[in-house]
Amino acid sequence: MLSPLLLSINWNPDPELFKLFGSIPIHYYGLLWVVGIILAGFIVQREYRDRRISDEKFAPLFFYCIVGITLGARLGHCFFY
């Protein structure tokens, strides 16, 4: 028989994943944002290389994508939540 403690759901988990250097909190949400953007950059850069598109076109596009993603996520959060 499982304990009632194991059957419950923690609806308010701690957003802090760990502390960097003992004082800088790293939240899981921010860490996942950074990992997602870095992975997207690697994937798009690889596609650019496969299609033989110059890296000079990749850098500005990636910068504008990061700005658009950040602004869109913030505006979506403000409008929908």
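The values are calculated or read from the model by the stated rules, or taken from the named source; none is laboratory data. Since the model is a prediction, treat every value here as computed from it, not as a measurement. We place every Cβ from the backbone using ideal geometry, glycine too, and count neighbours over all the protein chains shown. When the accessible area is computed, the model is the full protein with side chains, heavy atoms only, and any ligands, DNA or RNA have been set aside. Shrake-Rupley method; radii C 1.70, N 1.55, O 1.52, S 1.80 Å.
Quick notes on this one:
- Each Cα pair under 8 Å and six or more residues apart adds its sequence gap; the mean of these over the residue count of the chain is a relative contact order of 13 percent.
- Estimated from helical segments only, the mean residue ellipticity of the chain at 222 nm is -22000 deg cm²/dmol, where each DSSP H run of four or more residues counts as -39500 (n - 2.57).
- In this structure, the amide hydrogen of HIS27, modeled 1.01 Å from its nitrogen in the peptide plane, lies closer than 5 angstrom to those of LEU17, counting only residues at least 5 positions away or on a different chain.
- Kirkwood Rh, Cα atoms: Rg over Rh of the chain: 1.17
- Selected from PRO13, PRO25, PRO60 as most flexible by GNM, with the chain as the system and alpha-carbon contacts under 10 Å: PRO13
- Heavy-atom surface analysis with a 1.4 Å probe gives segment 12-81 a carbon and sulfur content of 68 percent of its accessible area.
- Between PHE42, PHE63, PHE21, the Gaussian network model of the chain with springs among Cα atoms under 10 angstrom shows the greatest mean-square fluctuation at PHE21.
- Once the Cα atoms are used to define both axes, helix 55-80 deviates from the longest principal axis of the chain by about 40 degrees.
- Amide H within-cut-off set for ILE53, under 5 Å, with H built and near neighbours excluded: none
- Note that the chain presents 93 Å² accessible area per residue, ligands and nucleic acids not counted, probe 1.4 Å.
- Length gained on full extension, ILE53 to HIS77, computed as 0.36 nm times the residue gap minus the Cα-Cα distance: 5.2 nm.
- Surrounding net charge for HIS27, when Lys and Arg each add one and Asp and Glu each subtract one, Cβ distance under 15 Å: -1
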